[in-house]
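Read the structure below first, then the notes.
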Amino acid sequence: GGSGLVADIEGLALYVAGETTGYLIAAVQGDNSFAVYERQGDNRFRGRFRIGPSATIDGVGETDGIEATSAPLGPRFPKGVLVVQDGLNEPEGVGQNFKIVDWRDIEQALGLE
């Protein structure tokens, strides 16, 4: 239980911004979303997001694992990334792959510092 969580939780990742700061991200398979909590203080819930489809690639569903890094990964990902396992590929509905999300997109979506 807890704010932002719906059974079944299928992965946790830490986005380390400082020695004691950053975010805990939970993959919420129950509704194909991701819940974000602060690492510091009372671990305040900061919001949730989904990874939807674009013009060229499907969205994310049935996630079984995630990982995050705050390390700068060149000019394309200067604040790091969230990598998610996508267990449901469309339009075929079979197979799985990984999606990479620019951390800046998550910051913008949730209004993170």
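The values are calculated or read from the model by the stated rules, or taken from the named source; none is laboratory data. Every value quoted in this text rests on a predicted model; they were computed, and no experiment measured them. These area figures cover heavy atoms from the full protein model, side chains too; ligands, DNA and RNA do not enter into them. Shrake-Rupley method; radii C 1.70, N 1.55, O 1.52, S 1.80 Å.
Some observations on this one:
- Length gained when the stretch Asp42-Ala7 is fully extended (0.36 nm per residue, less Cα-Cα span): 10.4 nm
- Helix-only CD estimate at 222 nm, as mean residue ellipticity for the chain, using -39500 (n - 2.57) per DSSP H run (n ≥ 4): -2000 deg cm²/dmol
- Residue-normalised accessible area of the chain, given per residue in Å² at a 1.4 Å probe: 55
- With Rh defined as the Kirkwood radius, the inverse of the mean 1/r over Cα pairs, the Rg/Rh of the chain is 0.96.
- Carbon/sulfur fraction of accessible area - the chain, other protein chains in place, 1.4 Å, %: 54
- Hydrodynamic radius of the stretch 1-54 per Kirkwood, over alpha carbon pairs, in Å: 11.5
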